[in-house]
Amino acid sequence: MYSIFQGRSFLAEKDFSQAELQYLIDFAQHLKEMKQQHLPHQYLAGKNIALLFEKTSTRTRAAFTVATTDLGAHPEFLGANDIQLGTKESVEDTGKVLGRMFDGIEYRGSSQSVVTQLAESAGVPVWNGLTDAWHPTQMIADFLTIQENFGNLAGLTIAYCGDGRNNVANSLLVTSAILGVNIRIVTPTTLYPDDQIVALGHNYANQSGGTVQITDQVAEGVLGADVIYTDVWVSMGEEAQFEARIKQLLPYQVNQQLIEQTKNEQVIFMHCLPAFHDTQTSYGKEAAATYGIQEMEVTDEVFRSAYARQFDQAENRLHAIKAIMAATAGNLFIPKV
Ligand code: CP
């Protein structure tokens, strides 16, 4: 009998049920404890994993590399300039070739249709390491982090403050709704999420008991929130919109005043990273010189505060990605969930 995850790709959260997502979160927790106790978990022993990155990455690349190695498999990094994907060779042909050599494929790039085509042609599990539409491996790590802090998920409230149309906002909206978590997207009306994604969220929330709220009112949006989440104001490839985004999103910056507006002493702060909270980077220095702004989506004060959980999230990327890879491509049996 097949495991329910065996051979499946992980392209978007909406492809998985509440029970399946919860299983992956709990399995990630289990694998985290196994690693901490130095217990072997080589569920991918002898396999080969392709890591396709058309965009830069720190956490996702590191997590897939270490997860692959911990699971006993070999990771092969194939960057944008290393292979002919999309330039001299179609996505379909590339998927067919890689699927004959590798046992699983990670893809990070702009287009959701590319990762979908790879999954259709490769015949092995394909994992979405981020596209413009979704960031699903991030969600397993994030909800593991939330569960570690609160002991449960359903009934909690997340307020996402920032660009309401980016991949992380999309994924948080839909994943929260599937898991019965109340999600509030707090963003200017000009950056409200796509209507189809909001409708999808409402459909899931009606089944799970969660709620979906989109608002441009910060005080109303963050009141009572258990989690304040933000992301960069300008995503990869949108750099030309920097000045406009700063003007639009400055009122939504996560600072101490916004944290206090939650009126929840147990509130935690989350960020998928990288974050622009100071001028220690060339990006930060350029923003300071050009726009006179020292910190963007989160202040340095909040980033370094007791509320902050962003480095727990970063570590949990490893355990989450390992759970997804092991469940879908590993030599292990997972009964019906
Ligand atoms: N959060 C995230 O995806 O980080 P990287 O861009 O470093 O992979």
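Annotations for the structure displayed:
Okay, residues lined up against (1) in contact (Cβ under 8 Å) with a residue 24 or more places away in the chain; (2) not hydroxyl-bearing (Ser, Thr, Tyr):
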residue: ASP142; (1), (2): yes, yes
residue: ASN152; (1), (2): no, yes
residue: GLY155; (1), (2): yes, yes
residue: ASP163; (1), (2): yes, yes
residue: ASN167; (1), (2): yes, yes
residue: ALA177; (1), (2): yes, yes
residue: THR187; (1), (2): yes, no
residue: ASP194; (1), (2): yes, yes
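- Pair list, Cβ under 7 Å, 6 or more apart: segment 35-47 residue among the aromatic types (Phe, Trp, Tyr), other residue part of a loop (DSSP other than H, G, I, E, B): TYR43/LEU71; TYR43/GLY330; TYR43/ASN331; TYR43/LEU332
- Sub-6 Å Cβ pairs linking a first residue in segment 64-84 that is more than 17 Å from GLY330 (Cα to Cα) to a second residue that is of a type in the set (Val, Ile, Thr), at least 6 apart or interchain, number zero.
- Residue within segment 113-132 that is buried (at least 22 other Cβ atoms within 10 Å of the Cβ), touching a Cys at 6+ places or on another chain (Cβ under 9 Å) and of a type outside the set (S, T, N, Q) present: no
- Segment 24-44 - residue that is over 14 Å from ALA329 (Cβ atoms) and under 17 Å from the mean Cα position of the chain (by Cα) and, of those, farthest from the ligand (Cβ to nearest atom): ASP26
- For LEU44, the requirement of being part of a helix (DSSP H, G or I) and either under 17 Å from LEU144 (Cβ atoms) or out of contact with any Asp or Glu (no Cβ under 6 Å at 6 or more places or on another chain) (or both) is not met.
- Taken over segment 56-65, the criterion of being out of contact with any helix residue (DSSP H, G or I) (no Cβ under 6 Å at 6 or more places or on another chain) and either buried (at least 17 other Cβ atoms within 10 Å of the Cβ) or among the polar types (S, T, N, Q) (or both) is satisfied by THR56, SER57, THR58, THR60, ARG61, THR65.
- Residue match in segment 213-229 (condition: aliphatic (A, V, I, L, M) and more than 23 Å from SER176 (Cβ to Cβ)): no
- Hits in segment 150-165 - residues which are closer than 21 Å to GLY209 by Cα and not hydrophobic (A, V, I, L, M, F, W, C): GLY151, ASN152, GLY155, THR157, TYR160
- Within segment 134-159, the set of residues being away from the ligand (no atom under 16 Å from the Cβ) and either charged (D, E, K, R) or at negative phi (or both) comprises GLN147, GLU148, ASN149, PHE150, ASN152, LEU153, ALA154, LEU156, THR157, ILE158, ALA159.
Yes/no matrix, rows are residues, columns are (1) buried (at least 18 other Cβ atoms within 10 Å of the Cβ); (2) in contact with a Gly (Cβ under 6 Å, 6 or more places away or on another chain); (3) of a type in the set (Asp, Glu):
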position: VAL168; (1), (2), (3): yes, no, no
position: PRO188; (1), (2), (3): no, no, no
position: ASP194; (1), (2), (3): no, no, yes
position: GLY209; (1), (2), (3): no, yes, no
position: VAL222; (1), (2), (3): yes, no, no
position: TYR229; (1), (2), (3): yes, no, no
position: TRP233; (1), (2), (3): yes, no, no
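- Within segment 45-55, tally of residues that are within 9 Å of the ligand (Cβ to nearest atom) and either surrounded by 22 or more Cβ atoms within 10 Å (Cβ to Cβ) or over 24 Å from VAL168 (Cα atoms) (or both): 0
- Verdict on THR68 being surrounded by 14 or more Cβ atoms within 10 Å (Cβ to Cβ), within 23 Å of PRO274 (Cβ to Cβ), modelled with pLDDT of 95 or more and of a type in the set (Val, Ile, Thr): yes
- When restricted to residues that are small (Gly, Ala, Ser), away from the ligand (no atom under 15 Å from the Cβ) and within 21 Å of the chain's Cα centre (by Cα), segment 83-133 contains 4.
- Criterion applied to SER121, SER113 was being of a type in the set (Gly, Ala, Ser), touching a helix residue (DSSP H, G or I) at 6+ places or on another chain (Cβ under 7 Å) and outside any strand (DSSP E or B), and the one residue passing it is SER121.
- Residues (over 20 Å from ARG59 (Cα atoms) and out of contact with any Phe, Trp or Tyr (no Cβ under 7 Å at 6 or more places or on another chain)) located in segment 160-182: ARG165, LEU173, SER176, GLY180, VAL181, ASN182
The values are calculated or read from the model by the stated rules, or taken from the named source; none is laboratory data. Since the model is a prediction, treat every value here as computed from it, not as a measurement. Methodologically, a virtual Cβ is constructed for each residue, glycine included, from the backbone with ideal geometry; neighbour enumeration extends over all protein chains shown.
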